[in-house]
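Structure first, commentary second.
The values are calculated or read from the model by the stated rules, or taken from the named source; none is laboratory data. All values derive from a computational prediction rather than experimental measurement. All Cβ positions, glycine included, derive from the backbone under ideal geometry; neighbour counts span all protein chains shown.
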Amino acid sequence: MKRLKMTRLMMLALVLTPLTSMAASPLAFNFSCASIGGVNSDGKGNVWIDGTKATVKIFNENYWEAKSGNNTVSISRKDDGNPEISWAGPNRKHGICLPEDNIDFSGAKKSTTNGPSFSCSAVAKGSIEEVICQSPSLSAMDLALNGAYKQALVKSSNNPTLKAEQRGWVKGRNECWKEQDKPACIARNYNERMAELQNKWGVK
């Protein structure tokens, strides 16, 4: 009887072992989270919030929380196995994160990205450019968009209308100073402009 109980316990341990290993680390993902930038998980227990390494707390095999500064990211595993990510920041701000394919929010990218496509040394204090310079995710978005814009210029043979549209877009982006959530407004402008360039000029 004792031997039978021991066998059952050993079998139960073998069944539970995979669940334990699953609980050790959140899934790998790369999501955009509005005003807090982006969140990235390498699937090995490392999570970055806007390029900064976060502290991860494990609740069970289907739920984790990652914290960096005043920002908290909730990570859950849905029934279909895919991740579901939400965020909460200062002043009771919160929202749902969305999958991001164009920008890599991992910490490795932060170390290779020194800033946006423009120089941060001469930006005006309180300007939209300063907000971008202070955010690794927005800086990465600026670099990605600048690369796509240059590709579009080549494909269009330096089309003057394209140049005028880009200048107009920059002015529109800078109007985000009127918004309460400036980073979210800036990110939205970058995503919309990137989609426009990709659809019209077939850039990446």
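Give region 64-102 a look and list any residue that's in contact (Cβ under 8 Å) with a residue 12 or more places away in the chain and in a helix (DSSP H, G or I), or say none.
The one that is in contact (Cβ under 8 Å) with a residue 12 or more places away in the chain and in a helix (DSSP H, G or I): PRO90.
Conditions (1) of a type in the set (A, V, I, L, M); (2) at pLDDT below 95, marked per residue:
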site: LYS150; (1), (2): no, yes
site: VAL154; (1), (2): yes, yes
site: ASN158; (1), (2): no, yes
site: VAL170; (1), (2): yes, no
site: GLU192; (1), (2): no, no
site: GLY202; (1), (2): no, yes
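Might you let me know whether region 149-162 holds any residue that is of a type in the set (Gly, Ala, Ser), within 27 Å of CYS33 (Cα to Cα) and within 27 Å of the chain's Cα centre (by Cα)?
no
Residues that are of a type in the set (Ser, Thr, Tyr), assigned to a strand (DSSP E or B) and either over 18 Å from ILE103 (Cα atoms) or modelled with pLDDT under 90 (or both): does region 47-56 have at least one?
yes
Consider PHE105 against the criteria (1) modelled with pLDDT under 85; (2) closer than 26 Å to GLU192 by Cα; (3) out of contact with any helix residue (DSSP H, G or I) (no Cβ under 7 Å at 6 or more places or on another chain); (4) of a type outside the set (Gly, Ala, Ser): it satisfies all of them except one. Which criterion is unmet?
(3)
In region 82-99, what residues are more than 19 Å from GLU61 (Cα to Cα) and among the β-branched types (Val, Ile, Thr)?
Listed by number, the list holds a single entry, ILE96.
What tally of residues in region 1-36 results from selecting those that are crowded, with 16+ Cβ neighbours inside 10 Å, in a loop (DSSP other than H, G, I, E, B) and modelled with pLDDT under 80?
So the answer is 0.
Just to confirm my filter: which helices (runs of 4 or more DSSP H) fall fully inside region 119-204 and include at least 2 residues that are crowded, with 16+ Cβ neighbours inside 10 Å and of a type outside the set (A, V, I, L, M, F, W, C)?
In region 119-204, 136-155, 160-174, 182-201 are the helices (runs of 4 or more DSSP H) which contain 2 or more residues that are crowded, with 16+ Cβ neighbours inside 10 Å and of a type outside the set (A, V, I, L, M, F, W, C).
Given the residues SER139, SER156, which is the only one that is touching a residue at least 24 places away in the same chain (Cβ under 8 Å), of a type in the set (Ser, Thr, Tyr) and touching a Ser or Thr at 6+ places or on another chain (Cβ under 8 Å)?
One residue alone meets the criteria, SER139.
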